[in-house]
Amino acid sequence: MASASQPYLLDITPELAEEERLVHASAADFCRSRLLPIIAEHYEAGTFPRDLIVEFARMGFLGAPLEGYGCAGLNPVAYGLTMLELEKVDSGLRSFCSVQTALVMWPIFAYGDETQKQRWLPAMARGEAIGCFGLTEPGSGSDPGSMRTNARREPNGDYVLNGEKMWITNSPIADVAVVWAKVVEEGRPDPVVRGFLVERGMQGFSTPEIHGKLSLRASITGSIVLEDVRVPASSMLPGVSGLKGPLGCLTQARYGIGWGAVGAAMGVYERALEYSKDRKQFNRPLAGFQLTQQKLVEMHNAIGKSLLLALHFGRLKQRGKLTSTQVSWLKRDNVAMALDCARTARSILGGNGIMGEFHVMRHLCNLETVYTYEGTHEVHTLAIGRAITGEDAFT
Ligand code: TGC
Ligand code: FAD
């Protein structure tokens, strides 16, 4: 017998401040009304809806957690909720906003000088300048310390960059790339990792697109090729040196992904729930079968726990207490949870589960990338393992 249905037994709204509720509600409304209707078509065509950039800017999504420079200055929970709503629609759309915000604007904000901030942050917040983040290389993924991209210091103070970055979100449309390179510095025996702002139009800088992705198809991915690119000393981010520079940016982006993954899981769970109530086999809705209910309950409970983890860590971040290992936990577990949910939801939809119009297979394919980028699932396992055992399995 059917009774009233309640998709979520957990509501975090009472835990939210008024401003967080407002930000959440307007992000949810925008994502549902503006993004959801167009995403399947873009995904199938393999195109990123570039006309949305200015709308993302208007919504305050670009640089959302930063203070000043035209940014919204959202607190970590409000920011997380915007990531959740974006990724409830598509991981690629969340990727666009999180790269711009956490991997490009954040390092300029945290490590840049005032001239660099004034030059880039307001334009990036308005969506007039697009950024990308170049860390990964063809031979250096999980182990960025093995990067080969290098910067040679010239007698006049300029740097000359050589190398190749691979799998770079937004690189083909970027106006500026944060490029991480090894620099030989006077007085230091070993080369040290530094960040450079490399601009479109600089001689020797190119960004070929990577084609043929079966995941994150509504996001643009490319390489960055650096062939004797000469940049002035003022292009270097002065505020950080060493691998902690890029890893610090990743901590910001991984935090957003931890929330975003909950959104992807909610998206597929809600589809599966709705479908299971409509679709009848053996003269009853799929939702009436015990095996289907078990699948729905597993998804529902896992989503609730992941959301609570995100909220708790968001409050820690607000108090400046969140550690990078806790962020590894959030990214690792919430993405794995979302991927499990997407597979389960796909099974509930049967044959329809593979169709674009039902939105589940797209999430499933996207989440395979999210599982891998920003530190693979295994890398985060080892980062947490190192913290709790004191044993370093990387070396
Ligand atoms: P390790 O010796 O642990 O650390 C070197 C220095 O960095 C510091 N550090 C961190 N700082 C901030 N946040 C973190 N998460 C940090 N992890 C480490 C550390 O304290 C140390 O500082 P110092 O002052 O002592 O020098 O370095 P390791 O070589 O052992 O590496 C550790 C490991 C494997 C965890 C790290 O290399 C890693 O995270 N690898 C994964 C690489 C990765 O995540 N790449 C992502 C590329 S960008 C991307 O995927 C964007 S997708 C964008 C999208 O579309 O959304
Ligand atoms: P590898 O490091 O070669 O790993 C392959 C497998 O080996 C994985 O399962 C991994 O977990 C495992 N492995 C590696 N080391 C260990 C170990 N010590 N113990 C156990 N298992 C291990 N990078 C950027 O810099 N900027 C971007 O904007 C960006 N965007 C991306 C967008 C997309 C669509 C994709 C697919 C990737 C993107 N990346 C980006 C790159 C991404 O961060 C890397 O793919 C990721 O860090 C993994 O590196 P890899 O692909 O070289 O895999």
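The values are calculated or read from the model by the stated rules, or taken from the named source; none is laboratory data. The model shown is predicted, which means the values in this text are computed figures rather than measured ones. Ideal geometry is used to build each Cβ from the backbone, glycine not excepted, and the neighbour counts take in all protein chains shown.
Quick notes on this one:
- Being over 28 Å from Gln6 (Cα atoms) and not β-branched (Val, Ile, Thr) is a condition met by at least one residue of the range 304-317.
- Residue ranges of strands (runs of 3 or more DSSP E) in the range 147-209 with at least 1 members within 19 Å of Leu243 (Cβ to Cβ), without any contact (Cβ under 8 Å) to a residue 40 or more places away in the chain and among the acidic types (Asp, Glu): none
- Test result for Leu339, in a helix (DSSP H, G or I), without any contact (Cβ under 8 Å) to a residue 40 or more places away in the chain and surrounded by 14 or more Cβ atoms within 10 Å (Cβ to Cβ): yes
- Output for the range 120-146, where each listed residue is touching a Cys at 6+ places or on another chain (Cβ under 9 Å), away from ligand 2 (no atom under 16 Å from the Cβ) and assigned to a loop (DSSP other than H, G, I, E, B): none
Yes/no per residue for (1) in the same structural domain as Ser324 (by TED's automatic domain parsing); (2) surrounded by fewer than 22 Cβ atoms within 10 Å (Cβ to Cβ); (3) part of a loop (DSSP other than H, G, I, E, B):
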{"position": "Leu216", "(1), (2), (3)": "no, no, yes"}
{"position": "Asp228", "(1), (2), (3)": "no, yes, no"}
{"position": "Ser234", "(1), (2), (3)": "no, yes, no"}
{"position": "Cys249", "(1), (2), (3)": "yes, no, no"}
{"position": "Tyr255", "(1), (2), (3)": "yes, no, no"}
{"position": "Val262", "(1), (2), (3)": "yes, no, no"}
{"position": "Val268", "(1), (2), (3)": "yes, no, no"}
{"position": "Arg271", "(1), (2), (3)": "yes, yes, no"}
{"position": "Tyr275", "(1), (2), (3)": "yes, yes, no"}
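- Given (1) touching a helix residue (DSSP H, G or I) at 6+ places or on another chain (Cβ under 9 Å); (2) touching a residue at least 60 places away in the same chain (Cβ under 8 Å), index of the condition Thr381 fails: (2)
- Scanning the range 131-155 for residues that are away from ligand 1 (no atom under 13 Å from the Cβ) and either over 23 Å from Gln100 (Cα atoms) or touching a helix residue (DSSP H, G or I) at 6+ places or on another chain (Cβ under 9 Å) (or both) yields Gly139, Arg148, Asn150, Ala151, Arg152, Arg153, Glu154, Pro155.
- Conditions (1) over 19 Å from Trp167 (Cβ atoms); (2) in contact with a strand residue (DSSP E or B) (Cβ under 7 Å, 6 or more places away or on another chain); number of the one not met by Ile220: (1)
- Asp333 away from ligand 1 (no atom under 15 Å from the Cβ), modelled with pLDDT of 95 or more and of a type outside the set (Ser, Thr, Tyr): yes
- Hey, Arg194 closer than 18 Å to Met147 by Cβ, modelled with pLDDT under 95 and basic (Lys, Arg) or not: no
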